[in-house]
Amino acid sequence: MRIFDPHIHMTSRTTDDYQAMYDAGVRAVVEPSFWLGQPRTSPESFFDYFDALLGWEPFRAAQYGIAHHCALALNPKEANDPRCAPVLGALPRYLVKDSVVAVGEIGYDSMTPAEDHALAAQLQLAADHGLPALVHTPHRDKLAGLRRTLDAVRESALPVERVLLDHLNETTVKEAADSGAWLGFSIYPDTKMDEDRMVAVLKDHGADRVLVNSAADWGRSDPLMTRRVGDAMLAAGFDEDQVDQVLWRNPVAFYGLSGRLRLDPPGDVGPLHEGNSILRGGE
């Protein structure tokens, strides 16, 4: 089973997770930029973070045979903090980097005017740079949030067919599918979706334009949730081709819209990144 996790926050995970993911079949990931759990106090902290997603994290993933790409953005939660607003002006110099395959995560958290502004600006940046967009639908008031998101997309220069609506569930999947956007589902312990609910959605709606991710981060999460979905699909009677469509071909097709996706196994990247190693102690 080959797996492409299209939304995972590896900067929050250990190297042991990379090994476990590889053993489970994960060969590629996209890491969208997100809130770190506490407020950033200046734009410069974003820039250091972006640099890590462009350099250190791909190096770390390559040590375990996993291709790493990223999506960069001012995330919805921190779009409300005036200290972070200058990030929008700095994004264009990052969005031209080869390993950036989308603008994201963008979207809504609390559905404020500041979030409206940041979403509209970043949808325009995606259109300007020929990139698709990974859009975070809010965890509260999900259906209202989805509708407000779709209104913003339809008012933008970015075609809805180049948008991945993430964190969907049973209440939002139909309207999201009817919009023509790509459909993202986060499989996450205790919150969001689980593998059995995901299988039920796939039975009802099919596998077209569906992407499944672990969204693993610093909270209680599991970077092997994609594999759990694949196993649950097989147990429910889906065939291997359908599993491959959901866990590999669909994310390849969506992020391939960027023209930058590189899925060859990482070559010999050497033991050091800018003089630093993932090793500690002796050889």
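Read-outs: derived from the displayed coordinates by stated rules, not from any lab. Source: prediction; values computed, not measured. We place every Cβ from the backbone using ideal geometry, glycine too, and count neighbours over all the protein chains shown.
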### Query
What list do you get for Arg148, Arg197 if you sort them by fewest beta carbons within 10 Å?
Arg197, Arg148
### Summary
The Cα radius of gyration of region 17-157, divided by 2.2 N^0.38 Å with N its residue count, comes to 1.07
### Query
So what is the relative contact order for region 3-258, in percent, with contacts set as C-alpha pairs under 8 Å and at least six apart?
19 percent
### Task
Go through region 155-230 and name the GluC sites (Glu not before Pro) that are in a DSSP coil and have 15 or fewer other Cβ atoms within 10 Å of their Cβ.
Glu155, Glu170
### Task
Taking 7 Å along the Cα-to-C-beta vector as the label spot, tell me the Lys142-Lys97 distance in nanometres, rounded to one decimal.
3.2 nm
### Query
Projected onto the charge dipole of the chain (+1 at Lys/Arg Cβ, -1 at Asp/Glu Cβ, origin at the Cα centre), which of Met233, Gly219, Leu165 gives the Cα projection farthest towards the positive end?
Leu165
### Size of charge dipole - region 3-258 - debye, nearest 20, with Cβ of Lys, Arg +1 and Asp, Glu -1, no other charges
340 debye
### Query
Across all directions of projection, what mean area in square nanometres is found for the Cα convex hull of region 63-137?
5.6 nm²
## Note on the structure
When Lys77, Lys174 are ranked with the fewest other C-beta atoms within 10 Å first, the list becomes Lys174, Lys77
### Message
Within the chain, how many Lys pairs that are eight or more residues apart, or on different chains, come under 16 Å at the alpha-carbon?
### Response
4
### Summary
Neighbour-count ranking for Tyr22, Tyr255 (other C-beta within 10 angstrom, fewest to most) reads Tyr22, Tyr255
## Note on the structure
One would report the antiparallel percent of DSSP beta bridges in the chain, rounded to the nearest 5, as 5 percent
### Message
Quick check on the chain: what does the Kirkwood estimate of hydrodynamic radius come out to from the alpha carbon pairs, in Å?
### Response
18.8 Å
